[in-house]
Amino acid sequence: MTDFFKGIPQIKYEGASSTNEFAFRHYNPDEVILGKRMEDHLRFAVAYWHSFAWPGGDPFGGQTFERPWFGDGMALAKLKADVAFEMFDILGQPFYCFHDADMRPEGATFAESLKNLNEVADYIGDKQTRHKAKLLWGTSNLFSHRRWMSGAATNPDPDVYAYAAATVKANMDVTMRLGGQNYVLWGGREGYETLLNTDLKAEREHAGRFLQQVVEYKYKIGFKGTILIEPKPQEPSKHQYDYDVATVYGFLKDFGLEKEVKTNIEQGHAILAGHSFEHEIALAASLGIFHSIDMNRNDYQSGWDTDQFPNNHPEKAVAFYEILKAGGFTTGGVNFDAKIRRQSLDPEDLILAHVGGMDTCARALKSAAALLESGEMEAAKQARYAGWETPVAKAMLKGSLEEAAARVLDEKIEPQPKSGRQERLENLWNRYV
């Protein structure tokens, strides 16, 4: 045991009336909702990068956190892993997620970085045999180092493309070795800043071929997990090729990957794209590419991705309603891609941020499940579209434009507007949250 979380108890469920800040009020892992344990519904994961690698900087200032594992060298990387699994145990987290650069120190060469990664992966693999937390998904940091300043798969230099391929291959190997259930590709710099120096068509084609190669390698090594793309609209690039769910789906269709790759959707990214979180989830589900989420929130008055922990359960309940309607998670889950504020310096802050986030999600899940189970919202939707269930309407869709037009004259159709009843449904929703 390290001393970093010394004195912080394991977090237990105590119920909504508890005044103990080191307790769950709503997250009861064993509570059964819609026939499934709450822990199995939510599948919570800790983000290795924000929780253990982020130094507390923002666009205008540098490091504020002082962590005993910050620095280079394998000893510190292993200390970081020790602290991470202690936190997983305190929270009872079933999963965690990582980038390669979060876990291992950067080497002087790729070969040295690979050696470091494999050594830390072996160390973490041993920990997984003795702790509850397992790997939800792995990914690659293809955005922080200066080599990625012009992108990875979309870089104008083919040597950088090759370096990206080597990096992803290494991390897919480690993800599979650690039993990871998914592999995520986040194109942090897969975009452009100006068209004056960009061949957009070539970059998009290279990104598509790269993703095809990832899928091909998945089958070659026998990885049973799911390949995911995480849409991101901007920041740092002016335009990103994975702007939102709709853009990603069009990209996947272009390269024949819509049956192979699904999405990991983050609330903060949805907001930056001008969408709601629930819109992105619902659209992905309707297109057959929904799979997992990164849970956070943005400051609506800031123009960048602030990655704050969720604290608004009515807002999250709408998202969980769409997730439940989509059938819930299979190998995906709820990864807290969120970071404590740079003024929150204490170890307790890191624990309590996750406690609050988990309680918020649990409360949202219960509200969404209750409304879905009541059937009231879905009944209202079905009533609104009931006309499309008639034989005449179904035949119209199968017929021609002329046949549809002829009905208007033959049947003297003069349709009158019908209320969407939005306020009634909002009131219904508020009864459950």
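The values are calculated or read from the model by the stated rules, or taken from the named source; none is laboratory data. All values reported here derive from a predicted model rather than from experimental measurement. Don't worry about glycine lacking a Cβ; one is built from the backbone with ideal geometry, like all the others, and counts go over all protein chains shown. Accessible surface areas use protein heavy atoms only, side chains included; no ligands, DNA or RNA. Shrake-Rupley method; radii C 1.70, N 1.55, O 1.52, S 1.80 Å.
For Gly357, the requirement of being open to solvent by less than 50 Å² (accessible area, probe 1.4 Å) and within 30 Å of Gly62 (Cβ to Cβ) is met. Checking the stated criteria, His291 turns out to be in a strand (DSSP E or B), of a type outside the set (D, E, K, R) and either closer than 18 Å to Leu365 by Cα or open to solvent by less than 10 Å² (accessible area, probe 1.4 Å) (or both). Of the residues making up the stretch 363-386, those that are free of Cβ contacts under 8 Å to residues at least 12 places away in the same chain, more than 29 Å from the chain's Cα centre (by Cα) and part of a helix (DSSP H, G or I) are Ala379, Gln382, Ala383, Ala386.
Candidates are the residues of the stretch 41-61 that are open to solvent by 30 Å² or more (accessible area, probe 1.4 Å) and either in contact with a helix residue (DSSP H, G or I) (Cβ under 8 Å, 6 or more places away or on another chain) or at pLDDT 95 or above (or both); the one that is farthest from Tyr183 (Cα to Cα) is Pro55. Among the residues making up the stretch 193-246, those that are open to solvent by 20 Å² or more (accessible area, probe 1.4 Å) and in a loop (DSSP other than H, G, I, E, B) are Glu193, Thr194, Thr198, Asp199, Gly222, Lys224, Gln234, Glu235, Pro236, Lys238, Tyr241, Tyr243. Number of residues in the stretch 404-432 that are part of a loop (DSSP other than H, G, I, E, B) and open to solvent by less than 70 Å² (accessible area, probe 1.4 Å): the value is 2. In the stretch 346-361, the count of residues that are out of contact with any Asp or Glu (no Cβ under 8 Å at 6 or more places or on another chain), part of a loop (DSSP other than H, G, I, E, B) and under 13 Å from Phe44 (Cβ atoms) is zero. Residues in the stretch 322-354 that are surrounded by fewer than 22 Cβ atoms within 10 Å (Cβ to Cβ) and aromatic (Phe, Trp, Tyr): how many? So the count comes out to 1. Of the residues making up the stretch 228-261, those that are touching a helix residue (DSSP H, G or I) at 6+ places or on another chain (Cβ under 8 Å) and among the charged types (D, E, K, R) are Glu230, Lys232, Glu235, Asp242, Asp244, Asp254, Glu258, Glu260. Of all positions in the stretch 62-74, at least one carries a residue that is in a loop (DSSP other than H, G, I, E, B), of a type in the set (A, V, I, L, M, F, W, C), farther than 30 Å from Ser374 by Cα and open to solvent by less than 20 Å² (accessible area, probe 1.4 Å).
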